Amino acid sequence: MTYQEANQEGKIILTEHGVEDATVDAWLLMEFVTGMSRTRFFVDGIFQMQPEEEERYFKLIEKRAERIPLQHLTGVQEFMGLEFLVNEHVLIPRQDTELLVLEAEKQIRRSFGGCADVLDMCTGSGCIAVSLKVRNPQIQCTAADVSAKALEMARKNAEKMQTDLRFVQTDMFSGITGTYDMIVSNPPYIPTKVIESLEAEVRLYDPFSALDGKEDGLYFYKILAKESPRFLKKGGGIYLEIGHDQSAPVEALLKEVGFEEIRTEKDLAGLDRVVCGVYNKSEEVK
């Protein structure tokens, strides 16, 4: 086959297997296998593929047709303009989560002069912590997760981006010490019964523990709201990614324990995405 013929056949196979972004994914796998740019493809696509390239390409197409996520096949995902390593042990970074980084970053620069001490709870791939550190080199950042395998991937991403982070394996706050200017988190927030209705790429291949917010999806927000005041300095901020229908209950949880200036920020699709607040009580009265 020529490169163009192979790419077209790859698109047909993925479409027949219900892959939503068949055209994009067929091209990205072609780019991954051959290293071709779009421009080169349009010029040289009429030439025959090397046999080893064709074999590798269609093996990856077959795997993608089985709904294995594209990022698990290529091993990377872009987030905040950075290329993160991913695998089956971490949640694939989503563009929606970039809003969490941007909103947290605003307070880091506005309230702490860029020198905040930040805790990223449920760090997963480390995309939030690493992005914040790369974009704000003066901060101190601790990345925490219950999964040793997730932390291993987060460490690799920190090394890849040449950032210096502290890593803690802990079940939520049980292993956390000290106080922070900010706590950020994208915790599991999907109700258990909803997970079975998600697309196959998420349902079958994202770590279940990174998705499962228990019965009502609020399990980890309840812990974050209850425990975070003990680990925040006066005036410290909390930034939480949420599901599109969780703004009201998460805001209520923060208000109940004394957070102020609570608000919800919407993502590019106009959906509620980040709940944040400020804890103004002194450490002595916690």
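The values are calculated or read from the model by the stated rules, or taken from the named source; none is laboratory data. Predicted model, so just to flag it, every value in this text is computed and none were measured. For neighbour counting, all protein chains shown are included, and Cβ atoms are generated from backbone atoms with ideal geometry for every residue, glycine included.
It is to be established whether one or more residues within the stretch 71-83 are more than 16 Å from the chain's Cα centre (by Cα) and within 21 Å of Arg203 (Cα to Cα). Yes: one or more hits. Restricting the stretch 135-184 to residues that are of a type in the set (Gly, Ala, Ser) and touching a helix residue (DSSP H, G or I) at 6+ places or on another chain (Cβ under 6 Å) leaves a set whose member that is farthest from Gly81 (Cα to Cα) is Ala143. Of the residues Ser111, Ser174, Ser131, Ser147, the single one that is under 23 Å from Glu78 (Cα atoms), out of contact with any Ser or Thr (no Cβ under 8 Å at 6 or more places or on another chain) and assigned by TED's automatic domain parsing to the domain that holds Ile262 is Ser131. Could you go through the stretch 1-8 and let me know if any residue there is more than 26 Å from the chain's Cα centre (by Cα), β-branched (Val, Ile, Thr) and not in a helix (DSSP H, G or I). Yes, that holds for at least one residue. For the condition over 30 Å from Thr142 (Cα atoms), modelled with pLDDT of 95 or more and outside any loop (DSSP other than H, G, I, E, B), Arg40 does not qualify.
Looking at (1) in a helix (DSSP H, G or I); (2) touching a helix residue (DSSP H, G or I) at 6+ places or on another chain (Cβ under 7 Å), which is the only condition His89 fails? Unmet for His89, out of (1) in a helix (DSSP H, G or I); (2) touching a helix residue (DSSP H, G or I) at 6+ places or on another chain (Cβ under 7 Å): (1). Looking across the stretch 162-207 at every residue that is touching a Leu at 6+ places or on another chain (Cβ under 6 Å) and among the hydrophobic types (A, V, I, L, M, F, W, C), the one that is nearest to Asp21 (Cα to Cα) is identified as Ile195. Of the residues making up the stretch 116-147, those that are in contact (Cβ under 8 Å) with a residue 60 or more places away in the chain and within 18 Å of Gly213 (Cα to Cα) are Asp120, Met121, Cys122, Gly124, Val146, Ser147. Among the residues making up the stretch 148-191, those that are in contact (Cβ under 8 Å) with a residue 24 or more places away in the chain, over 23 Å from Glu105 (Cα atoms) and among the small types (Gly, Ala, Ser) are Ala150, Gly175.
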